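*Asks:* Here it is: the structure, laid out below.
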Amino acid sequence: MIEVLSKILVEKTTQSRLPEVDFDNIVFGKVFSDHMFVADYKNGEWSNLKIQPYAPISLSPACAALHYGQAIFEGMKAYKNEKGEIFLFRPTDNAKRINVSARRMCMPEIPEEIFMSALKQLVKMDSEWIPSGEGSSLYIRPFMFASEQLLGVRPADEYKFIIFTAPVNSYYSTPVNVKVEMEYSRATEGGAGFAKVAGNYGAALYPAKMGQDQGYQQLVWTDSVSHEYIEESGTMNVMFQIGNKLITPNLDFKTTLAGITRDSVLTIAREMGVEVEERRVSVKEIIAAAKSGELKDVFGTGTAATIAQIVSITLKDERFELPPIEQRDLSNKISNKLLNIKKGREEDKYGWVLKL
Ligand SMILES: *Cc1c(COP(=O)(O)O)cnc(C)c1O
């Protein structure tokens, strides 16, 4: 069964675009590798598994995803070290998480064998697209959407699962100033905030744009009921170092996405002997800690940037500047350690990296 499922047809490009790429000046997510993986779900099963040249796909105007939003995705990375070795970081966690999202959106699960074998083959085939510079990697975007022509509102019967990849340099180049969002929400209890759903992103654009117009690169999302409790920052999980404790919102309300970077950072912090607290985090306590000088660090965690340190936090009209990035021993140390593990330079005690 697994053998048959994982049979992937391969059509190689006749003309690689690799020679045209200026790897030193890549705009994030604008340059795509030569190949993509595509699979179709129809009649209750996945078929037409194929790696083919990266190219536009044709869709019906009645494609259900475009109307009713059955669209989910993942984000992950492949790394290449100085020796040219290639590593994926916790890929099976992405394979599991896309199915958490699929279940929430009434979409079919993609078997882990298909996800993993497609991913490995695709990354191997386009391995020359993986930049080896320190901040660089190959960003991988697996996603699934309802492809059926359908105007009735019901879960679609046909889907496409696609993986494509893009070489990327470091994600954030400017310091991140954040504003605590007191009006809009990213997620609600009972909603789909815990799933990686395209619509969550679409609905977050407007408040994020308003924040950007006011000079804040990211928002700190708060709960939709009272706006008193912090959930995430932008499209990342968020962590606070108060004194020697590392504090982050817990996942129990299903309004915070279970980031793989979040889990990795917490695991490393615990191993370093740092006291970690996953619990409700109130805006009040963060502001109090900022005022008293106990707030040592605030940072977002996610695949794109790994750790994005936040330089100021604003609540209503009050802005709090945070300690200089160079002084943030804990997040700098964790960030370096994670990168070393991802590049196969440091012992991987947890079985996180998969060498290709
Ligand atoms: C993807 C995502 C994250 C980060 O997850 P990672 O697995 O660490 O990349 C955090 N918050 C939201 C809303 C996300 O979509």
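*Asks:* Residues in segment 193-214 that are away from the ligand (no atom under 14 Å from the Cβ) and among the basic types (Lys, Arg): how many? I'd like the intermediate steps shown before the answer.
*Replies:* Residues of segment 193-214 that are away from the ligand (no atom under 14 Å from the Cβ), as a first pass: 206, 209-214.
Okay, now just the ones that are also among the basic types (Lys, Arg), so 209.
Residues in segment 193-214 being away from the ligand (no atom under 14 Å from the Cβ) and among the basic types (Lys, Arg): 1 in total.
*Asks:* Among (1) in a loop (DSSP other than H, G, I, E, B); (2) more than 16 Å from the ligand (Cβ to nearest atom), there is one condition LYS124 misses while meeting the rest; what is its number?
*Replies:* With (1) in a loop (DSSP other than H, G, I, E, B); (2) more than 16 Å from the ligand (Cβ to nearest atom) applied to LYS124, the lone miss is (1).
*Asks:* Within segment 239-278, restricting attention to residues that are of a type outside the set (S, T, N, Q), within 12 Å of the ligand (Cβ to nearest atom) and not in a loop (DSSP other than H, G, I, E, B), which residue is surrounded by the fewest Cβ atoms within 10 Å (Cβ to Cβ)?
*Replies:* Within segment 239-278, the match that is surrounded by the fewest Cβ atoms within 10 Å (Cβ to Cβ) is ASP263.
*Asks:* Select from segment 323-341 the residues that are more than 20 Å from GLU275 (Cβ to Cβ) and touching a Ser or Thr at 6+ places or on another chain (Cβ under 8 Å) and list them in ascending order.
*Replies:* LEU339
*Asks:* If I ask for residues that are in a loop (DSSP other than H, G, I, E, B), closer than 20 Å to ASN81 by Cβ and among the charged types (D, E, K, R), which ones from segment 316-351 would you list?
*Replies:* We begin by selecting, within segment 316-351, every residue in a loop (DSSP other than H, G, I, E, B); these are 316-317, 322-324, 328, 343-351.
With closer than 20 Å to ASN81 by Cβ added as a condition, the list becomes 343-351.
Passing the criteria: LYS343, ARG345, GLU346, GLU347, ASP348, LYS349.
*Asks:* Do any strands (runs of 3 or more DSSP E) entirely within segment 70-120 hold 1 or more residues that are assigned by TED's automatic domain parsing to the domain that holds LEU151 and away from the ligand (no atom under 16 Å from the Cβ), and if so, which? Explain how you work it out, then say what you get.
*Replies:* Values: elements: 71-73, 76-80, 86-89.
Output list reads 76-80, 86-89.
*Asks:* Here's a check for you: in segment 141-169, which residue that is of a type in the set (Gly, Ala, Ser) and in a loop (DSSP other than H, G, I, E, B) is surrounded by the most Cβ atoms within 10 Å (Cβ to Cβ)?
*Replies:* Here is the first cut: in segment 141-169, the ones of a type in the set (Gly, Ala, Ser) are 146-147, 152, 156, 166.
Right, trim to in a loop (DSSP other than H, G, I, E, B) and you get 147, 152, 156.
On the way: SER147: 23, GLY152: 7, ALA156: 21.
Among those residues, the one meeting the criterion is SER147.
*Asks:* Within segment 98-130, can you find the residues that are under 19 Å from ALA258 (Cα atoms), open to solvent by 30 Å² or more (accessible area, probe 1.4 Å) and of a type outside the set (A, V, I, L, M, F, W, C)?
*Replies:* Hits for segment 98-130 are ARG103, ARG104, GLU109, GLU112.
*Asks:* Right, another one. Within the bounds of segment 215-230, is there any residue that is within 20 Å of the chain's Cα centre (by Cα), part of a loop (DSSP other than H, G, I, E, B), more than 12 Å from the ligand (Cβ to nearest atom) and among the acidic types (Asp, Glu)?
*Replies:* First, the residues of segment 215-230 that are within 20 Å of the chain's Cα centre (by Cα): 217-222, 230.
Then drop every residue that is not part of a loop (DSSP other than H, G, I, E, B), which leaves 217.
Narrowing the set further to residues that are more than 12 Å from the ligand (Cβ to nearest atom) leaves 217.
Filter once more, keeping what is among the acidic types (Asp, Glu): none.
Taking every residue of segment 215-230 in turn, none turns out to be within 20 Å of the chain's Cα centre (by Cα), part of a loop (DSSP other than H, G, I, E, B), more than 12 Å from the ligand (Cβ to nearest atom) and among the acidic types (Asp, Glu).
The values are calculated or read from the model by the stated rules, or taken from the named source; none is laboratory data. This one's a predicted model, so the numbers in the text were calculated from it and none came from an experiment. Note: ideal-geometry Cβ built from the backbone for every residue, glycine included; neighbour counts use all protein chains shown. Just the protein is used for accessible areas: all its heavy atoms, side chains included, with ligands, DNA and RNA removed. Shrake-Rupley method; radii C 1.70, N 1.55, O 1.52, S 1.80 Å.
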